[in-house]
Amino acid sequence: MDVTSEPAWLQVFSTVLLRAHVWQADQIAETVEASLSRLGITPTVYLVDHEQRALHALTPVGRPRPVEVPVDGSVAGRAFAQIRSLSVAAGDDDERRRWWVPMIDGTTRIGVIDFLLPAGLDTSSPVLQQRCELFAGLIGHLIVTTLPRGDHLSRLRRTRSMSVASELLLQLLQPLTIVCDRAAVSAIMQPCYDVGGDGYDYAIDTNHARFSILDGVGKGLRAGLATAVALAALRAARRDGQDLMGQARTADAALGEQFTDARFVTAVLVELDLETGVLHLLNAGHPAPLLLRAGRVVGELEGVRRTPLGIADSHPKLAEHRLEPGDQILLFTDGIIEARDVTGELFGVHRLVALAEQHAAAGLAAPETVRRLSHAVIEHQHGPPSDDATLLLAEWSSAAARRSIP
């Protein structure tokens, strides 16, 4: 059979879509295998763990699971990190070849699919590559829609138990990455299994991108609850059409109503006009974002800081900046720059700046940039952060969108 045949692939897609209406998460691997078997292709689906350190195989029930594949130092990991399909030999004594194809849900990376192809096949065919990438995209979408139906996929992506605060925030947060044709926004949080009060949010509508980063005072569940209240209040006010000032006032009121101990949340709220590049910023007691231009950090996005959310400010002010196409804005919580190594040395803004410039020069996509920055903080501490450490990178450019899809 011609493995590039459009009717054959249409049948493959139809089989998966029809089955997806009623499948359980532990039936995905079996369905994917059965749908491609008619083409002589053997697929294996891999999901990335929450740390974004390793890829874990999703296998049919009863079949031994292959060992995890590291993201760093493997072909599969390169396909994931670079968001690029890679073709390699199946083995030293094997005439077959395989395609490692990134699997994304829209633009959020969730893993890869290993397509083991029949011997003698022309794997240089762009049509075959396109078919595999479309199939991987479909499976990525379907996996994400299947996640809420059970715990099978969630367990596969976890390498340890998750705290109650992390479980709470995980259900409230947006996917790690969003992309439109003019901008990309990507975030990451550590320690992913024990985060307390950090959070982020975003929305892109018409000509505006709105994004924010939050850090609830304290640790554990109470910090997580404060951040959850602030996040929900900001989101509700934004969806009600309120501007940044109104959103902050709504969060002030919500936190004051729910907590009697003057609990507060630091935050940066940003609104970017995607037509003009005009950026408005409200800083509520939070570290100032960094502005990268042409791959270099040119300064902080400063402005008059108001009090943290939860402590009403009678004279808040917005900062206004004008971006240039290609500019990047890096938001972070204090857990990034205050991370210490065994000698007590801080990770610091200077190290964050140097690494951000290094990754910008390499032309990395936003999700890969924040992944590497986050791991650099962990490596600096020789273990998980002692405090929540969150990053959010936004880029105003069409190139950012192109780098975020296969």
Given the condition without any contact (Cβ under 8 Å) to a residue 24 or more places away in the chain, under 27 Å from Ser161 (Cβ atoms), loosely packed, with under 15 Cβ neighbours inside 10 Å and touching a Gly at 6+ places or on another chain (Cβ under 9 Å), answer yes or no: does some residue in segment 49-70 qualify?
yes
Restricting segment 252-272 to residues that are closer than 20 Å to Tyr202 by Cβ and in contact with a Gly (Cβ under 7 Å, 6 or more places away or on another chain), which is surrounded by the most Cβ atoms within 10 Å (Cβ to Cβ)?
Val265
Matching entry among Tyr193, Tyr200 (being under 16 Å from Arg53 (Cβ atoms), touching a residue at least 24 places away in the same chain (Cβ under 8 Å) and among the hydroxyl-bearing types (Ser, Thr, Tyr))
Tyr193
Residue set Ala237, Ala233, Ala251, Ala226; condition assigned to a helix (DSSP H, G or I), touching a Phe, Trp or Tyr at 6+ places or on another chain (Cβ under 9 Å) and in the same structural domain as Ile188 (by TED's automatic domain parsing); output residue Ala226
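Gln82: touching a helix residue (DSSP H, G or I) at 6+ places or on another chain (Cβ under 8 Å), farther than 20 Å from Val127 by Cα and surrounded by 20 or more Cβ atoms within 10 Å (Cβ to Cβ), yes or no?
Here the answer is no, as Gln82 does not meet what is asked.
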The residue that is modelled with the lowest pLDDT, considering only those in segment 193-225 that are closer than 27 Å to Leu156 by Cα and buried (at least 24 other Cβ atoms within 10 Å of the Cβ), is Gly196
Determine whether Pro367 is part of a loop (DSSP other than H, G, I, E, B), within 22 Å of the chain's Cα centre (by Cα) and within 30 Å of Phe135 (Cα to Cα).
no
Matching strands (runs of 3 or more DSSP E) fully within segment 1-108 where at least 3 residues are at pLDDT below 90
86-91, 94-105
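For segment 339-353, which residues satisfy the criterion of being of a type in the set (Gly, Ala, Ser) and either part of a strand (DSSP E or B) or under 13 Å from Ala376 (Cα atoms) (or both)?
Ala339, Gly348
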For Leu309, all conditions in the list (1) closer than 19 Å to Ala394 by Cα; (2) modelled with pLDDT of 95 or more hold save one; what is the number of the exception?
(1)
For segment 295-338, give me each residue that is outside any loop (DSSP other than H, G, I, E, B) and either hydroxyl-bearing (Ser, Thr, Tyr) or without any contact (Cβ under 8 Å) to a residue 12 or more places away in the chain (or both).
Val298, Gly299
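If I go through segment 337-354 residue by residue, how many of them are of a type in the set (Phe, Trp, Tyr) and under 22 Å from the mean Cα position of the chain (by Cα)?
0
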Being out of contact with any Phe, Trp or Tyr (no Cβ under 9 Å at 6 or more places or on another chain) and either within 19 Å of Arg372 (Cα to Cα) or part of a strand (DSSP E or B) (or both) is the filter here, so list the residues in segment 189-213 that pass it.
Gln190, Pro191, Cys192, Tyr193, Val195, Asp198, Gly199, Asp205, His208
Selection count where residues are closer than 14 Å to Ile28 by Cβ, in contact (Cβ under 8 Å) with a residue 40 or more places away in the chain and hydroxyl-bearing (Ser, Thr, Tyr), scope segment 146-163
1
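The values are calculated or read from the model by the stated rules, or taken from the named source; none is laboratory data. As the structure is a prediction and not an experimental result, all values here were calculated from the model. Positions of Cβ are generated from backbone atoms using ideal geometry, with glycine treated the same way; all protein chains shown enter the neighbour counts.
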